[in-house]
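Colleague: Once you've had a glance at the structure underneath, I'll fire off some questions.
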Amino acid sequence: MSGTSRIGLTVRLWRGGSKRQFERYINRLLKLLPRHGGRAERRAGEVDGGPGRPDAVLVLSFPDTAAVDAYLTDPRRDDLEELAAKAVTRSLITGGRKHDAGEHDPVEVTELPLETG
């Protein structure tokens, strides 16, 4: 798959509720990725640097802009709004950067370091 270009999104999330609710929300977001050809490339939790830093940073990739749009407008994301209202105080999505799919090894969603406690 080397040489195939993917579009990257960075999702920054600030926790508003319990850690359990926050992780549940992230897990449910990640489970939507395969429906749109998306992959979770990287995840950082509790970013060091003091107040104002996000509690989680997700780096996602998609095969094209249509897949990004489909993910962002997926009706199943609407189903998560109640959980999001409890779990997240702020989110910031940035992206559009194309990268070579062979740039680094993808991480399967089940391999991401997700805490449920």
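The values are calculated or read from the model by the stated rules, or taken from the named source; none is laboratory data. Just so we're clear, the structure is a prediction, and the values are computed from it rather than from any experiment. Using ideal geometry, Cβ is built from the backbone for each residue, glycine included, and neighbour counts are taken over all protein chains shown. SASA here: full protein model, heavy atoms, side chains in, ligands and nucleic acids out. Shrake-Rupley method; radii C 1.70, N 1.55, O 1.52, S 1.80 Å.
Colleague: Taking only pairs six or more apart or across chains, which ones have beta-carbon atoms under 6 Å, a first residue in the stretch 1-22 that is at pLDDT below 90, and a second residue that is of a type in the set (Gly, Ala, Ser)?
Modeller: Listed by first residue and then by second, the contacts come to 1/101; 2/102; 4/101; 17/87.
Colleague: Conditions first: (1) touching a Pro at 6+ places or on another chain (Cβ under 8 Å); (2) touching a residue at least 60 places away in the same chain (Cβ under 8 Å). Residue 37 passes all but one, so which condition is the exception?
Modeller: The number of the failed condition is (2).
Colleague: Could you check residue 35 against (1) open to solvent by less than 50 Å² (accessible area, probe 1.4 Å); (2) modelled with pLDDT of 90 or more and say which number it fails?
Modeller: The single condition residue 35 does not satisfy is (1).
Colleague: I need a count of the residues in the stretch 77-95 that are in contact with a helix residue (DSSP H, G or I) (Cβ under 8 Å, 6 or more places away or on another chain) and over 14 Å from residue 26 (Cβ atoms).
Modeller: Number of matching residues: 1.
Colleague: Something else now. Which residues, counting only those in the stretch 9-31, are outside any helix (DSSP H, G or I) and under 10 Å from the mean Cα position of the chain (by Cα)?
Modeller: Within the stretch 9-31, 9, 10, 11, 12, 13 qualify.
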